[in-house]
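First the structure, in the form of structure tokens, and then the observations on it.
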């Protein structure tokens, strides 16, 4: 079992709900990233998703797109992110979230090797589906890096069985048909869908996409093992800074 | 015997289905629907009916005598896709895909467009079959292809101007994909080039291969042999794969794709994905891509909005790496020479896209003998480009 799966499972077994924030690496400068990670760890995060900026982020909505543009404008590259992570001791596990071309271009074997000397314990690649999973799984086989699968509202029952049976780290349960972002309406059948995934999955299930209000957190925690919060934290870090974002997180979990 | 793609949608190492999980349901549904439609004589009859009675097929294979004499060398034949309804080859695929959407019970269509020809074709097919239609188009292209925007609106489509990124085709594809993710249950994405996740490159190739199939038959009737060269412009690569595909097993026929070199290959303003790019993944497919050292996709540039895309269809990547097809480049200036030459010698105003193929033939014909022939896909007519050319000529 990969260490990310073990850490999250232990928290769950101890009766804790999980919280994984997403932030865009370098959106506010790589020099501030360490403080952002430390704040999120203090705020009760179980792990942190670090976004890798990409020119064509088709799974993301306007807030994360803009953060990616800011990050690239500040000169952030995958190489610089990894160089930063090699020097940084994270208090909690990190998960790299990026588009496949970034990783492919870096070189998948080199990526796994380089990440193995950091606190990155998982990757999320939204445009690398189950059908092509071996492209990452093969080079990552001997490593401690979990390949995290997304399950969506359009995933059939049969497909959910496939996705959860081989999943590592946690299941990322996408709550809407659409891109990441704030202020989304949820479909009526969502909660039944989440419950189904949670019942089938041997590892923790976290709900993500559009989670931005305390009532979202409460209701998703009833159906899943925790939540992933991205756009509203990304927006707050850009507009309000670290301290106010910490306060925002406190209100979300109050 | 050439048989591509494989059962995972790869052409050699290129292709695949690199899309978010939400869309996997749609690409699998489309794969199954297309597999069934391919074998269904009723579907093929319906498609043939509309291609003949509505689109105006078959299109002529025209021997360009004046151009041939002017260039002095190989005979030039033009496959006249510009004579299709709506003025370009794009309608072949749009009709086919809207019929597939109908078969899947979907009544809404989303598409992206660069030059506007695919947008017009899709809006036309959507109007014909009574479907709602939304077209994403980069803000830059909305301005340079004003006439086509108006045509789409007349046809009842909603045109969304995209202001992100380079505001051209690449960004229009991003927005169309985002829209599709949110509406996937009742909307079909009519992809306009031989790009995107499997099965799109295969579907577009098959619907466009009517170009090569007709041209081959027509050429055999006239010359009693096959042409020495089949030549077409390449952006995403739909008209070229449509021309090439029926000739792939005919090893003596040189297949030549012409990429847009824009302001020159030594500048950063071009769209030569094979010549200057390297292998990457974008918009659902592994292919040759213009990208920087960090794997960020670069903005492409061409005078021709339809060639202004940083990638190329995966089958072209495969034909290139396997050595079956060659890929050359033509600059904006050279394409303009081709544009003017065909207009003046033959009375045919070509699209700027097709002008790239004409311009390369201007170089190649001289190196060949009068017994040999170049078969060119004249993918579209130039009405849409005349305003842009007029403004450019006024500045000079």
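The values are calculated or read from the model by the stated rules, or taken from the named source; none is laboratory data. This structure is a prediction, so every number in the text was calculated from the model and none was measured. As a convention, Cβ positions derive from the backbone with ideal geometry for all residues, glycine included, and neighbour counts pool all protein chains shown.
A compact table of results
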| item | result |
| --- | --- |
| Residues that are over 20 Å from the mean Cα position of the chain (by Cα) and either within 14 Å of chain A (Cβ to nearest Cβ) or part of a strand (DSSP E or B) (or both), drawn from region B:299-324 | none |
| Flag if residue A:52 is closer than 25 Å to residue A:249 by Cα, within 12 Å of another protein chain (Cβ to nearest Cβ) and either buried (at least 24 other Cβ atoms within 10 Å of the Cβ) or touching a helix residue (DSSP H, G or I) at 6+ places or on another chain (Cβ under 9 Å) (or both) | yes |
| Residues that are surrounded by 24 or more Cβ atoms within 10 Å (Cβ to Cβ) and under 19 Å from residue B:115 (Cβ atoms), drawn from region B:308-331 | B:308, B:309, B:310, B:311, B:312, B:313, B:316, B:330 |
| Residues of region B:340-357 that turn out to be part of a helix (DSSP H, G or I) and farther than 25 Å from residue B:195 by Cβ, as a count | 7 |
| Test for residue A:86: is it surrounded by fewer than 18 Cβ atoms within 10 Å (Cβ to Cβ), more than 8 Å from every other protein chain (Cβ to nearest Cβ) and within 20 Å of residue A:51 (Cβ to Cβ) | yes |
| Residue list for region B:109-133, filter: surrounded by fewer than 22 Cβ atoms within 10 Å (Cβ to Cβ) and either in contact (Cβ under 8 Å) with a residue 24 or more places away in the chain or outside the structural domain of residue B:184 (by the TED database) (or both) | B:127, B:128, B:129, B:132 |
| Helices (runs of 4 or more DSSP H) (entirely within region B:1-76) containing at least 2 residues that are over 21 Å from residue B:199 (Cα atoms) and without any contact (Cβ under 8 Å) to a residue 60 or more places away in the chain | B:41-50, B:65-71 |
| Strands (runs of 3 or more DSSP E) (entirely within region B:171-264) containing at least 1 residues that are within 14 Å of chain A (Cβ to nearest Cβ) and out of contact with any strand residue (DSSP E or B) (no Cβ under 9 Å at 6 or more places or on another chain) | none |
| Those strands (runs of 3 or more DSSP E) lying entirely in region A:92-210 with at least 3 residues more than 12 Å from chain B (Cβ to nearest Cβ) | A:94-97, A:120-124, A:205-208 |
| Unique residue being more than 27 Å from residue A:32 (Cα to Cα) and touching a residue at least 40 places away in the same chain (Cβ under 8 Å) when the list is A:242, A:228, A:203, A:182 | A:203 |
| Selection from region A:79-90 of residues that are touching a strand residue (DSSP E or B) at 6+ places or on another chain (Cβ under 9 Å) and in a helix (DSSP H, G or I) | A:81, A:82, A:85 |
| Boolean, residue A:34 is part of a helix (DSSP H, G or I), more than 14 Å from chain B (Cβ to nearest Cβ) and surrounded by fewer than 20 Cβ atoms within 10 Å (Cβ to Cβ) | yes |
